[in-house]
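The block underneath contains the structure these notes are about, expressed in structure tokens.
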Amino acid sequence: MKQKHLEIKYARICQMINILEKNYYMGKDVKKELEDAYNKMYMYKYKLEMLTKKHYDIPTLNSNFEIIFSEEYETKEHNLNNEMLSGLENKQFYTKEEADNLIKWTVNNTRENLKILCDTDNLNNCDLTGTCGFSQFSSIYPLEKLGLKVTYSNIANLFDKTGGIHAFGTVEIPIKDNDKVLTKKYIIDCTYSQFFLLKNCVESRYLDSHINNGITTSPMAGYFMKNNSELEQFAKQMLENGYCEMTDNNLMKYCYGLYLQEFNANEVKNAMINFQKLNIKDKLENYSIESDYNIEEFQELGCNLVIKPLKKHER
């Protein structure tokens, strides 16, 4: 009797989520109601699984789009100076304008490539889970071909396999400013939004840990980023821009939520303390993995890896 009662509640909250999601896509401000409903969904799922010792699948909700946690987030189409996109190979140094233009070009190009991969005209509210290796190669390979120092990085390697698997890239660009040449480093990640899906960024995600073959499930990175205004602002800018300058401070902000999302509720407080002791920068600069993709795969998909002017919404 108790099982049947819980199953009815679970089905009803899933139906309510479906209605709320439709209202959200019609422009209604129901994000808080959705957050509460997602929390209840995981709670009923947990109670059912503890009672029956069986696994209950999370139902497929509105499948075309996902709700991103960060408020007022929208991917930017960066303005480019197309005249700066030629003669960039093997230069000793770049101007600041050239470096900014180059980073913005590779983000724009990667987002166009992602549209092809995901068969969409709009990446806003699009679930990019599983596309990080593709995005990494798209954003880093053109810069590598210029002779710039790059890394094909993965979160798992920065945290000794703690932190899940997420591919992203970095690049170093020598920039001449007032007769001095300084090296600027950038983190490029055009699929960061996969860790900010509202349904995965609620506290009740912790309840899912008990019946998942020992694999920790917890709220994803967005949950931890939104609890601090400075971190939330960084996340919003990273989501919009697709890159950031890799200062020591920005690197720690970028990795914070990605690290904490791998710990269960009993471990997370200690993980917050231990995070400050991690030597992430040294590992990032001295370790580069092999890319999951190659040129031929991109060519077969009709994607672009050549630095050139981009037409708007080039598909």
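Of note:
- Cβ-based charge dipole, the chain, positive-most Cα from ASN264, THR52, CYS14: THR52
- When the pairs LYS199/LYS308; LYS236/LYS281; LYS9/LYS115; LYS145/LYS180; LYS31/LYS311 are compared against a 29 Å limit on Cα-Cα distance, LYS199/LYS308; LYS9/LYS115; LYS31/LYS311 fall above it.
- Full extension of the chain segment joining GLN15 with MET50 gains 10.4 nm, where the gain is 0.36 nm per residue of separation less the Cα-Cα distance.
- For the range 117-169, the pair-distance distribution built from all alpha carbon pairs, in bins 10 Å wide starting at 0, is 23, 41, 31, 5 percent.
- When the convex hull of its Cα atoms is projected in every direction, mean area for the chain (nm²): 17.7
- Of the residues ILE155, ILE13, ranked by 1.4 Å probe accessible area with the largest first, the sequence reads ILE13, ILE155.
- Rolling a 1.4 Å probe over the protein heavy atoms gives the range 1-142 an accessible area of 54 Å² per residue.
- Calculated diffusion of the range 232-315, Stokes-Einstein form, Kirkwood radius summed over Cα pairs, 10 °C and 1.306 mPa s, µm²/s: 97
- Each 10 Å bin from 0 upward holds the following percent of the Cα-Cα pairs of the range 1-151: 9, 27, 23, 18, 13, 7, 2, 0.
- For the range 91-214, the fraction of alpha-carbon pairs lying more than 21 Å apart is 51 percent, rounded to a whole number.
- Simple spin-label estimate for LYS96 and ILE273 in nanometres, 7 Å along Cα-Cβ: 4.2
The values are calculated or read from the model by the stated rules, or taken from the named source; none is laboratory data. These figures come from a predicted structure and were not determined experimentally. Here the Cβ is made from the backbone with ideal geometry for all residues, glycine too, and neighbour counts use every protein chain on show. These accessible areas exclude ligands, DNA and RNA; they are computed on the full protein's heavy atoms, side chains included. Shrake-Rupley method; radii C 1.70, N 1.55, O 1.52, S 1.80 Å.
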